[in-house]
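The values are calculated or read from the model by the stated rules, or taken from the named source; none is laboratory data. Quick caveat: nothing in here was measured; it's all calculated off a predicted structure. We place every Cβ from the backbone using ideal geometry, glycine too, and count neighbours over all the protein chains shown.
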Amino acid sequence: MAWFNFGKETVEAPIPEIGNFSAYDGSVADALNMRIEVDRSRGIYTFGRRNDYPDLLVDLYDNSPTHQAVINRTALMIAGDGQEAEIRSEELVDRVQIEMLINHPNLNESLSQILHKVGRDVKLHGRYAIECVWNEAHDKVVELKHVDAGGVRIGVLNEEGKVPFYKYSEDWNDSNYKITTYFPFDKNGAGSRQLIYVQLMRSGHLYYGLPDYYAAINWIDLESQIGVSHSESAKNGFSPKVAVIFPAKPESIEIEKKTMDNLNKTYSGSRGKKIMGIFSPRPELMPIIQPLNVDMLHKQYQEIDGQTERKILTGHGVVSPMLFGISTSNGFGSNADELRMSYHIYEKTVVAPYQRMVEDSLNRVLSASGNTNRIVINPYTLGL
């Protein structure tokens, strides 16, 4: 469930339940069970159990190779191969503005660099934000900057049901970080620095968007766990060799750890842990000692690893793993024609809709400035 807590009143909104995770029993549970509350001291809707939902998504991104590869390449695809100015007005001031926004939107970045970050945000977080700076006359936008969507929080709706402002912090749980306030993008609105904020709409989620891979979060986390397990096995000589099934769960994690440390210290050699402990919830069972077939475990790892990768790719709408530098054992996507077809499908179903969304945001800036010219993002070239 997603929880909306307004003062003393709590409102529940349903979200999909995946797996057997209960609310807040781990990072994935936190990512699947969002909590949205009103922080009246800051005037914002918090996002996540500790106002850290976007951080959980970043953790998943950092620890899942398949997930990260898809997001990174898709961000490049969304940014495209540069931008072009579609000229509809020959007015000098309009030509200067559009050329400036494409080539020098701010002192440090090109528009391509901004769009790459925007593409990553919309794929990773399901939302993006662009800071727009007006000139002194407040009639032309003269600067664009990327704002990390993960740090953006929405202001509590006003009496008209509109967002009065957005606030940004690099770390909402560290008071040392500055909080910046932006007003919504509006030529007639307040502030010289305003924010275009766009999120993917999903039923039941009014304030913060969800990424398009949301249904695969469980599998994304599993891939990171498989990597850790493989690493630990390699460090311990691909141990354990024996499983000891205990009749009941210990009273604490500390007791469980001490029990296993004593067993491994007594019965394992210098090459690593040889004993795996399984604590059964059924007290009527007697302890069972069972040899483990390491080859069988390795085969099971491979099967789970392959299934996990396929589920992650499906969650992202990927047809061919080869598009993202991921090898495949079945030969699919191994030739240029199949790759082109796979990219055509992915481009039409995933990339192009995001590009149109971002183009609309850029051209909204021009329209608000009285500029009828348009910015067009060139399609990404696969390079085959």
- Would you be able to tell me the number of residues in the range 169-190 that are in contact with a His (Cβ under 9 Å, 6 or more places away or on another chain) and either under 17 Å from residue 148 (Cβ atoms) or not in a loop (DSSP other than H, G, I, E, B) (or both)? 0
- Message: Quick test of your reading of the structure: residue 364 fulfils all but one of (1) at pLDDT 80 or above; (2) farther than 30 Å from residue 137 by Cβ. Name the failing condition by number.
- Response: (2)
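Residues are listed down the side, and each one gets a yes or a no for (1) at positive phi; (2) buried (at least 17 other Cβ atoms within 10 Å of the Cβ); (3) part of a loop (DSSP other than H, G, I, E, B); (4) among the β-branched types (Val, Ile, Thr):
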| residue | (1), (2), (3), (4) |
| --- | --- |
| 342 | no, yes, no, no |
| 360 | no, no, no, no |
| 372 | no, no, yes, yes |
| 376 | no, no, no, yes |
| 380 | no, yes, yes, no |
- Just checking, which of 81, 39, 52 is charged (D, E, K, R), surrounded by fewer than 20 Cβ atoms within 10 Å (Cβ to Cβ), modelled with pLDDT of 90 or more and under 14 Å from the mean Cα position of the chain (by Cα)? 52
- Query: Could you count how many residues in the range 45-88 are in contact with a helix residue (DSSP H, G or I) (Cβ under 6 Å, 6 or more places away or on another chain) and of a type in the set (Phe, Trp, Tyr)?
  - Reply: 2
- The number of residues in the range 39-65 that are in contact with a Ser or Thr (Cβ under 8 Å, 6 or more places away or on another chain) and either closer than 29 Å to residue 379 by Cβ or of a type outside the set (S, T, N, Q) (or both) is 5
- Criterion (farther than 30 Å from residue 325 by Cβ and at pLDDT below 95) met by exactly one of 44, 98, 15: 15
- Query: Being farther than 21 Å from residue 362 by Cβ and of a type outside the set (Phe, Trp, Tyr), is that true of even one residue in the range 118-136?
  - Reply: yes
- Task: For residues that are of a type in the set (Asp, Glu) and closer than 19 Å to residue 380 by Cβ, tally how many sit in the range 66-94.
- Result: 3
- Check whether at least one residue in the range 174-187 is aliphatic (A, V, I, L, M) and modelled with pLDDT under 75, and report yes or no. no
- Query: Do we have residue 27 as among the small types (Gly, Ala, Ser), modelled with pLDDT under 90 and over 15 Å from residue 213 (Cβ atoms) here?
  - Reply: yes
- Message: Of everything in the range 169-186, what is in contact (Cβ under 8 Å) with a residue 24 or more places away in the chain and in contact with a Gly (Cβ under 9 Å, 6 or more places away or on another chain)? Give them in sequence order.
- Response: 172, 182
- Right, residue 339: modelled with pLDDT under 90, within 23 Å of residue 66 (Cα to Cα) and within 23 Å of the chain's Cα centre (by Cα) or not? no
